[in-house]
1. As an exercise: evaluate residue A:19 against (1) of a type outside the set (D, E, K, R); (2) exposed (fewer than 15 other Cβ atoms within 10 Å of the Cβ); (3) modelled with pLDDT under 90 and give the number of the one condition it does not meet.
2. Return the residues of segment B:226-247 that are in contact (Cβ under 8 Å) with a residue 24 or more places away in the chain and small (Gly, Ala, Ser); say none if nothing qualifies.
3. State whether one or more residues within segment A:67-87 are in contact with a helix residue (DSSP H, G or I) (Cβ under 7 Å, 6 or more places away or on another chain) and part of a loop (DSSP other than H, G, I, E, B).
4. Tally time: how many residues in segment A:187-222 are over 30 Å from residue A:252 (Cβ atoms) and touching a helix residue (DSSP H, G or I) at 6+ places or on another chain (Cβ under 8 Å)?
5. Please find, within segment B:64-91, the residue that is surrounded by the most Cβ atoms within 10 Å (Cβ to Cβ) out of those that are over 24 Å from residue B:261 (Cα atoms) and touching a Phe, Trp or Tyr at 6+ places or on another chain (Cβ under 9 Å).
6. For segment B:226-309, which fully contained helices (runs of 4 or more DSSP H) count at least 1 residues that are closer than 25 Å to residue B:164 by Cα, at pLDDT 90 or above and touching a helix residue (DSSP H, G or I) at 6+ places or on another chain (Cβ under 7 Å)?
7. Within segment B:16-38, track down each residue that is facing chain A (nearest Cβ under 8 Å) and not acidic (Asp, Glu).
8. Considering only segment A:27-54, state which residues are of a type outside the set (Ser, Thr, Tyr), modelled with pLDDT of 85 or more, surrounded by 14 or more Cβ atoms within 10 Å (Cβ to Cβ) and in a loop (DSSP other than H, G, I, E, B).
Amino acid sequence: MIGRPSPWFDLVRHVTLLAGAAVMLAPFVWMTVTSFKPPHEIFAAELTLLPRQWHAYENYREAFTKVPMLRYLLNGAIVTSAIFALQVLVAVPCAYALAKLDFRGRGLIFAMVLLGILIPSHVPAIPLYIMLWQVKLLNTYAALVIPFVISVFGIFLMRQFFKTVPDELIQAARLDGLSEFAIVWRIMVPAAMPAVISFGIFSVVAHWNDYFWPLLVINSRELAPPPLGVAYFRNEEAGHDYGPLMAGAVIIIAPLVLAFLAAQRRFIEGMTMTGLKG
Amino acid sequence: MTVGNLASAADTVEADRQRDWREALAAMALVGPATALIVVFLIGPLVCIALLSLTDYQLGAKALRFVGLANYAEMFGDRVFRRSLENTLTYVGVVVPLSVFLGLGAALLIEASASLRGFYRTIFFLPVMATLIAMAVVWEFVLHPQFGMLNLALNAIGMTGQDWLHDRKIVLFTFCGIGVWQSLGFNMVLFMAGLTSIPRDLYEAAEVDGAGQAWNRFWTVTWPLLGPVTLFVVVISAIRSFQVFDAIQVLTKGGPNRASEVLLYTMYSEGFEYFRSGYAAAVTMVFLAFVLALALFKTWFLDRRVHYG
């Protein structure tokens, strides 16, 4: 919006937004300061911000030693990167064909993609669970990855982007003797890097934060991704040991929050696109 | 027309045909894996869940029986399910208007001036990024009746706190509050995308027409264009709200006394705690009906009107 707002409006704007920001930040602040406090200060029933006695080292050490925190983080990294790598491998060639090639069945496949976008991931959970149970893959990394190898949203997103790549570029590549596969990986993907990054942000955020599916298919600590790990921590180890529990929460949200702070515009773009998915 | 021309025309036709054939083959190879996976992991399970809801299948059972609509009849006669449906609709009915209204307010206020714009946007968006389940555990402590920040703050200003998660009259609204906190920033950025897509010319034209004041400008330019965007955000927000599950599963397990039981939690406990797959499939179908109705409304009605992203 343009124009020069009056100083009065400016003041109201800042007061309102600062109040809102305080509410939005409150849980983060409470989490962080609690992770620095010793138990007797946590249970003092006083509204204090900074700890009188610093207990940060003890709390964080406990968060790393009482539960296999590093293992949870590693599991999260393995699962999210495996999912995204496979999603790209499957979705990108399909998106290219849907955007740039003429073949029978294209309409039908695109219709299935559009239908898939409308279905929340909770809906196929029961049949997928039965399927994995029958092939004895429950409680494995494979169970966490396999159902998400296909990303209809990724196909849709990449197709939209590929449609904007000029046909001449592809014709020229064909005249140079490149195969369709080479065109996909050597011409289209580099041209579509912004879309690939958005797709990556969407995928990693969704799967790093996902709790529903790991809750269903994983029941051992060694395989738990971070959200399941934090739930175990809360349920078993530290129900009332809030210092280490809050330290654990800080550790688990830190990677995404730090990445977000470092590349806000990209993250907001990537996440806004999920609006398409709903 | 000479013989040479004819021959080369025939060659071109032949080359075209060969190219078409090669292109079709390449296309098949390119879409094959994705299509197979869509059929196995999306369309197949979708058909499966519909069929399963008509059976008495229990996970691990050797056999299953076709029971027609018996699961649905049981479901709608069941107090727990009706409660679950009611709670879910209440949750959506509270979270959607609040998070859309506050998201719009935040977007308009933040975009109204350049001062601290990035700072506010970052803070309001932060809850969207934070792992919800970790934040649920944090909220549990913030809401702790004795040692939680909220009650301590309320006491400090002379009000009495509540037992936010164990009082069955308020527990659902507590989750609504967490839901609004979490989704407000998401709605805000959707509105910002809508706001920045409003052409600057329109504001200038409005200024020429005498709509110079911020308020007038809002009503003459922003609002009519934002109307369809608002509808879009409402639908997206509703679809996301129907999926409420994480915080409830870890904090209250639908309790106390089913006061925070929601559709996905019912589906989860029937399907994965009691392993009544057939019944859980029927619950899933109800969930799907709501979400799909909203999604189809968005696709067929809105996507044609709103030029978005």
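The values are calculated or read from the model by the stated rules, or taken from the named source; none is laboratory data. Because the structure is predicted, anything quoted here is derived from the model rather than measured. So basically every Cβ, Gly included, is an ideal-geometry build from the backbone, and we count neighbours across all protein chains shown.
1. Of (1) of a type outside the set (D, E, K, R); (2) exposed (fewer than 15 other Cβ atoms within 10 Å of the Cβ); (3) modelled with pLDDT under 90, only one is false for residue A:19: (3).
2. If we filter segment B:226-247 for residues that are in contact (Cβ under 8 Å) with a residue 24 or more places away in the chain, which is where we start, we get B:226, B:228-244, B:246-247.
Hits for segment B:226-247 are B:237, B:238, B:241, B:247.
3. Within segment A:67-87 (the criterion being in contact with a helix residue (DSSP H, G or I) (Cβ under 7 Å, 6 or more places away or on another chain) and part of a loop (DSSP other than H, G, I, E, B)), the answer is yes, since at least one residue qualifies.
4. Within segment A:187-222, the subset over 30 Å from residue A:252 (Cβ atoms) is A:187-192.
If we keep only those that are touching a helix residue (DSSP H, G or I) at 6+ places or on another chain (Cβ under 8 Å) as well, we get A:187-189, A:191-192.
Count: 5.
5. Of the residues in segment B:64-91, the ones over 24 Å from residue B:261 (Cα atoms) are B:64-68.
Right, trim to touching a Phe, Trp or Tyr at 6+ places or on another chain (Cβ under 9 Å) and you get B:64-65.
On the way: B:64: 15, B:65: 11.
This residue is B:64.
6. Numbers: elements: B:246-251, B:263-268, B:277-297.
In segment B:226-309, the matching helices (runs of 4 or more DSSP H) lie at B:246-251, B:263-268.
7. Step one: list which residues in segment B:16-38 are facing chain A (nearest Cβ under 8 Å), which gives B:23-24, B:26-31, B:33-35, B:37-38.
Result: B:24, B:26, B:27, B:28, B:29, B:30, B:31, B:33, B:34, B:35, B:37, B:38.
8. A:36, A:37, A:38
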